[in-house]
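Step one of this worksheet: look at the structure below.
The values are calculated or read from the model by the stated rules, or taken from the named source; none is laboratory data. Keep in mind that this is a model prediction, so the values were computed, not measured. In this analysis, Cβ positions are derived from the backbone assuming ideal geometry, glycine residues included, and neighbour counts consider all displayed protein chains. All accessible areas refer to the heavy atoms of the entire protein, side chains included, with ligands and DNA or RNA removed. Shrake-Rupley method; radii C 1.70, N 1.55, O 1.52, S 1.80 Å.
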Amino acid sequence: MSSVSHLWSNGAHSRALDKAITPVRMSTYLANANHDPVYARSLYVWDRDISSALLADIAILEVALRNALNDRLTAVYGPQWFQLDIGLDGRSRDDLARAWKDLPQGKRTPGHLVSRLMFGFWRDLLSAGGYVGREPQRFPTDYETLWRTVLHKAFPGGKALAAAQGAQFTRTWTLETVTVVHAVRNRAAHHEPFISGFPLPGQRTRLTVQQAYEASQKLAGLLDRDLASWLFTNSSVPTLLAAKPLNI
């Protein structure tokens, strides 16, 4: 008998949850519960809670990241940096154009544009860069220059954290953490399960919820030591990890 069976002692509650969730979706949890339906339901609800907790942390981090990067771009190029040729690739230019087009005429301001841009736009600024233009006028871009001259200053905690891990504070090292947080954000936002971990785009290796939490804490530390301290105190992820249902 599961130690969490009391959560589903009401048959109507069990039937309601089973009706709301497709058998294919629940199969993930049944596989992790050795096909114990009571335990599987408890894992499902725990997965919902851990997903919500991760997303709550990232709600803070996503805003902090975009503000930090925007602040550095503004400091160097001015608040209208998005109207200048700062060496962005076609993907980033398309994201800017789409966000600008979606803004009502009265809200086409730097602040509104920054808030409209998705997490992926800011993550991509830490990539190596792609191409701009179309053949035969298609040319490579180099975001490494943008990183070294502007964007590295958005992460004042970078050198200390990298040194503590025996690494170098580089664009690619920073991107690794932002990529994990972005993947967690997308998975949680789309209600995908975390019970068996989660993959990174284009990779077979699956990360755990603990690693997702650690990446969020690391990104907070890269951006602001005080933010990391606040997130460490206020995140509910560790409590939920410790409270994961057990089948006894």
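The table that follows gives values for the structure above.
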| item | result |
| --- | --- |
| List Leu241, Leu151, ordered by accessible area with a 1.4 Å probe, largest first | Leu241, Leu151 |
| Among Phe121, Pro79, Gln105 - extreme Cα towards positive end, dipole of segment 1-159, charges at beta-carbon | Gln105 |
| With DNA, RNA and ligands ignored, accessible area of Glu176 (1.4 Å probe; Å², nearest 10) | 110 |
| For the chain, size of Cβ-based charge dipole, Lys and Arg +1, Asp and Glu -1, in debye | 300 |
| Segment 107-170: relative contact order as a whole-number percent, Cα under 8 Å and 6+ apart | 18 |
| Largest-first ordering by accessible area, 1.4 Å probe, given options His191, His152, His182, His112 | His191, His112, His152, His182 |
| At R0 = 35 Å, FRET efficiency that the Cβ-Cβ distance of Ala75 and Gln105 yields, to 0.05 | 0.80 |
| For segment 128-248: Kirkwood Rh in Å [reciprocal of mean 1/r, alpha carbons] | 16.6 |
| Listed residues Pro136, Pro79, Pro199, most fluctuating in the chain (Gaussian network, C-alpha, under 10 Å) | Pro136 |
| Relative contact order (%) - the chain, alpha-carbon pairs under 8 angstrom, separation at least six | 27 |
| Per principal axis, descending, Cα span of the chain in whole Å | 64, 42, 36 |
| Accessible area per residue in Å² at 1.4 Å probe, computed on the chain | 54 |
| Pair Ser27, Val45: separation of 7 Å Cα→Cβ label points (nm) | 2.5 |
| Extension gain, Lys153 back to Ala128 (0.36 nm per residue minus Cα-Cα distance, nm) | 7.3 nm |
| By average C-beta atoms within 10 angstrom, highest first, the peptides 28-39, 216-227 | 216-227, 28-39 |
| P(r) of segment 45-116 over all Cα-Cα pairs, binned every 5 Å from zero, in whole percent | 3, 14, 19, 21, 17, 10, 8, 6, 3, 1 |
| Helix-only CD estimate at 222 nm, as mean residue ellipticity for the chain, using -39500 (n - 2.57) per DSSP H run (n ≥ 4) | -19000 deg cm²/dmol |
| Accessible area of segment 26-146 belonging to carbon and sulfur atoms, whole % at 1.4 Å probe | 52 |
